[in-house]
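Notes for the one structure printed next.
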């Protein structure tokens with residue numbers, strides 16, 4: 001199973017300048033994103049290599065949304081602090097935090113690659129300045145918007 005991670009923002013910045021060796025902002029005008037990312041500038045985020053899936057983030061299936069996901073997970077995946085998924089998630093959350101604190105709007109959405117691009121199953125607002133960025137976990141099919 002592969003994930004597809006989408007971020008949108010109203011920030012007129014080129015987020016591709018923030019790419020790393022393992023995570024890549026790829027501008028997207030994919031019309032299938034009409035339900036979830038709400039802002040003008042849309043990016044698909046590849047991990048591992050450009051144009052690849054988005055699997056190397058801390059993402060869990062929607063079925064696990066009620067589990068405690070604050071800590072590194074041994075029960076779901078064998079996770080270490082220096083894993084690519086943990087590092088990429090912290091990198092992305094740092095960018096989101098910077099954008100939000102500069103006054104821009106940001107939202108994200110993760111789906112499994114084989115799923116339709118239907119509206120999210122759930123919506124959550126994340127207060128990014130209060131979130132535990134070290135152990136944050138994205139959950140598929142949940143639309144996240146971010147506030148300071």
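The values are calculated or read from the model by the stated rules, or taken from the named source; none is laboratory data. These numbers were taken from a predicted model, which means no experiment stands behind them. Reconstructed Cβ throughout: ideal geometry from the backbone, glycine too, with neighbour counts over all protein chains shown.
Side notes on the structure shown:
- Test: residue in the stretch 60-76 that is in a loop (DSSP other than H, G, I, E, B), crowded, with 17+ Cβ neighbours inside 10 Å and at pLDDT 90 or above: no
- Applying the criterion of being part of a loop (DSSP other than H, G, I, E, B), under 17 Å from residue 4 (Cα atoms) and out of contact with any helix residue (DSSP H, G or I) (no Cβ under 9 Å at 6 or more places or on another chain) to the residues of the stretch 81-130, the residue that is modelled with the highest pLDDT is 120.
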